[in-house]
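Asks: This is the structure I have questions about; it appears just below.
The values are calculated or read from the model by the stated rules, or taken from the named source; none is laboratory data. Every value quoted in this text rests on a predicted model; they were computed, and no experiment measured them. Cβ atoms come from the backbone with ideal geometry, glycine included; neighbour counts cover every protein chain shown.
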2 protein chains.
Amino acid sequence: MVESILESLKTAGKKLTKPRKALLEILESSPLPITAAEVYARLRKGRHAIDLVTVYRNLAMLQELGLVNPVGLHEGQMRYEVCHGREHHHHIQCRGCGLIVDLLLCPIKKLTDLVERQTKFAIEGHALEFVGWCPQCR
Amino acid sequence: MVESILESLKTAGKKLTKPRKALLEILESSPLPITAAEVYARLRKGRHAIDLVTVYRNLAMLQELGLVNPVGLHEGQMRYEVCHGREHHHHIQCRGCGLIVDLLLCPIKKLTDLVERQTKFAIEGHALEFVGWCPQCR
DNA sequence: TCCTAATTGCAACTGAGCTGCATTTAGCAC
DNA sequence: GTGCTAAATGCAGCTCAGTTGCAATTAGGA
């Protein structure tokens with residue numbers, strides 16, 4: 001289990017319960033963003049069945065603490081990935097098979113300044129997702 | 001009513017029914033992306049009440065024909081805007097009041113080539129959305 | 001060990017969006 | 001204009017993601 005996450009939880013006055021520990025292990029072991037339902041399913045397969053509501057509540061809490069990233073690929077459900085030790089990045093998803101690949105790049109920083117000047121918004125975040133056809137499906 | 005839309009519908013063998021005409025008028029008169037529920041509500045206020053299902057089905061069809069653009073701001077529902085006569089563009093939304101502003105820029109073309117080379121995907125589209133605080137709410 | 005705030009599980013709910021089916025309608029051929 | 005047929009509509013009921021209220025449980029500091 002990643003130390004920095006445990007510390008952040010402690011600092012925020014959060015308890016390290018069994019369900020929470022099991023959920024964090026699933027999240028950390030997932031190489032790509034994962035849905036709440038998938039987390040729930042994997043927990044059921046293992047011997048750590050926890051309620052789906054608990055999954056949702058924990059994901060929301062972890063997101064609020066900035067420990068997990070929501071990834072919205074417009075599939076009708078959200079995905080989540082742990083932030084720890086990962087560069088800020090984006091995703092590309094295949095229209096055919098749903099395959100998701102990380103993109104280790106983000107050219108948006110300069111653009112953000114431009115948009116802030118243009119709109120007078122204080123920009124807090126951005127989302128950049130590509131869709132297309134993967135080598136198998138194209 | 002925009003001619004090019006009517007032509008596209010005819011070419012695709014789609015009928016120009018009263019509900020469809022009313023929906024198109026609402027869409028065309030909306031300066032910013034609008035949700036299905038909002039379309040439905042405006043139609044009810046006017047004298048052209050149509051079923052919410054009809055709204056969904058028409059939006060899906062128009063999207064398939066490439067006549068409207070889906071805008072996913074992760075609000076828990078989709079928004080739609082007519083493409084006709086509009087530059088390809090992106091959006092910024094205020095976390096406070098939900099205000100949406102068009103951004104008349106898209107620096108993603110060069111990036112797309114890079115991502116295609118890097119991932120071997122055939123890229124079909126991309127989504128770029130900013131969130132932040134508008135001048136009133138910041 | 002005790003205590004309390006945090007957390008959990010359950011059940012019931014909300015809200016977006018979809019499906020099946022019988023009925024209606026646009027728009028073409030005559 | 002009339003008749004015809006495929007397309008479109010409205011209704012009812014459904015699915016699926018995610019949330020809420022509440023009583024019961026638990027982590028972890030005093």
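Asks: Taking into account only those residues within segment A:118-128 that are over 7 Å from B:G132 (Cβ atoms) and within 25 Å of the chain's Cα centre (by Cα), which is surrounded by the fewest Cβ atoms within 10 Å (Cβ to Cβ)?
Replies: Ranking the candidates gives A:G125 first.
Asks: If you don't mind, there's one more thing I want to ask. Keeping to segment A:67-100, report how many residues are within 16 Å of DNA strand C (Cβ to nearest atom) and in contact with a helix residue (DSSP H, G or I) (Cβ under 6 Å, 6 or more places away or on another chain).
Replies: Qualifying residue count for the region: 3.
Asks: Go over the candidates A:E3, A:E87 one by one and state the one that is acidic (D, E) and more than 16 Å from DNA strand D (Cβ to nearest atom).
Replies: The match here is A:E87.
Asks: Looking at segment A:10-28 only, could you name the residues that are loosely packed, with under 11 Cβ neighbours inside 10 Å and either at positive phi or within 8 Å of DNA strand C (Cβ to nearest atom) (or both)?
Replies: Of everything in segment A:10-28, those that are loosely packed, with under 11 Cβ neighbours inside 10 Å and either at positive phi or within 8 Å of DNA strand C (Cβ to nearest atom) (or both) turn out to be A:G13, A:K15, A:K18.
Asks: Filtering segment A:42-66 down to residues that are under 27 Å from A:L103 (Cα atoms) and more than 12 Å from DNA strand C (Cβ to nearest atom), which residue is farthest from the other protein chains (Cβ to nearest Cβ)?
Replies: Taking the candidates together, the pick is A:R42.
Asks: If we scan segment B:34-42, do we find a residue that is touching a Leu at 6+ places or on another chain (Cβ under 9 Å), of a type in the set (S, T, Y) and more than 30 Å from A:L105 (Cβ to Cβ)?
Replies: yes
Asks: For the structure I just gave you, tell me whether B:V115 is surrounded by 14 or more Cβ atoms within 10 Å (Cβ to Cβ) and either assigned by TED's automatic domain parsing to the domain that holds B:F130 or among the charged types (D, E, K, R) (or both).
Replies: yes
Asks: I'd like to know if segment A:94-101 contains one or more residues that are more than 16 Å from DNA strand D (Cβ to nearest atom), assigned to a strand (DSSP E or B) and more than 24 Å from A:T11 (Cβ to Cβ).
Replies: Taking every residue of segment A:94-101 in turn, at least one turns out to be more than 16 Å from DNA strand D (Cβ to nearest atom), assigned to a strand (DSSP E or B) and more than 24 Å from A:T11 (Cβ to Cβ).
Asks: Could you say which residue among B:R42, B:R47 is at pLDDT 95 or above and of a type in the set (K, R)?
Replies: B:R42
Asks: Looking at (1) on the phi > 0 side of the Ramachandran plot; (2) more than 8 Å from DNA strand D (Cβ to nearest atom), can you tell me which one A:L32 breaks?
Replies: Here A:L32 clears every test but (1).
Asks: Please go through segment A:106-135 and give me each residue that is touching a strand residue (DSSP E or B) at 6+ places or on another chain (Cβ under 8 Å), closer than 26 Å to A:Y80 by Cα and not β-branched (V, I, T), ordered by number.
Replies: Passing the criteria: A:C106, A:A122, A:E124, A:G125, A:H126, A:A127, A:L128, A:E129, A:F130, A:G132, A:W133, A:C134.
Asks: State whether one or more residues within segment A:87-106 are facing chain B (nearest Cβ under 7 Å) and either surrounded by fewer than 12 Cβ atoms within 10 Å (Cβ to Cβ) or over 22 Å from the mean Cα position of the chain (by Cα) (or both).
Replies: No.
Asks: Just the residues that are within 7 Å of another protein chain (Cβ to nearest Cβ) and in a helix (DSSP H, G or I), please, taken from segment B:114-132.
Replies: Once the filter is applied, which keeps residues that are within 7 Å of another protein chain (Cβ to nearest Cβ) and in a helix (DSSP H, G or I), segment B:114-132 yields B:V115, B:T119.
Asks: Of all residues in segment B:58-77, how many are surrounded by fewer than 17 Cβ atoms within 10 Å (Cβ to Cβ) and either in a loop (DSSP other than H, G, I, E, B) or hydrophobic (A, V, I, L, M, F, W, C) (or both)?
Replies: 8
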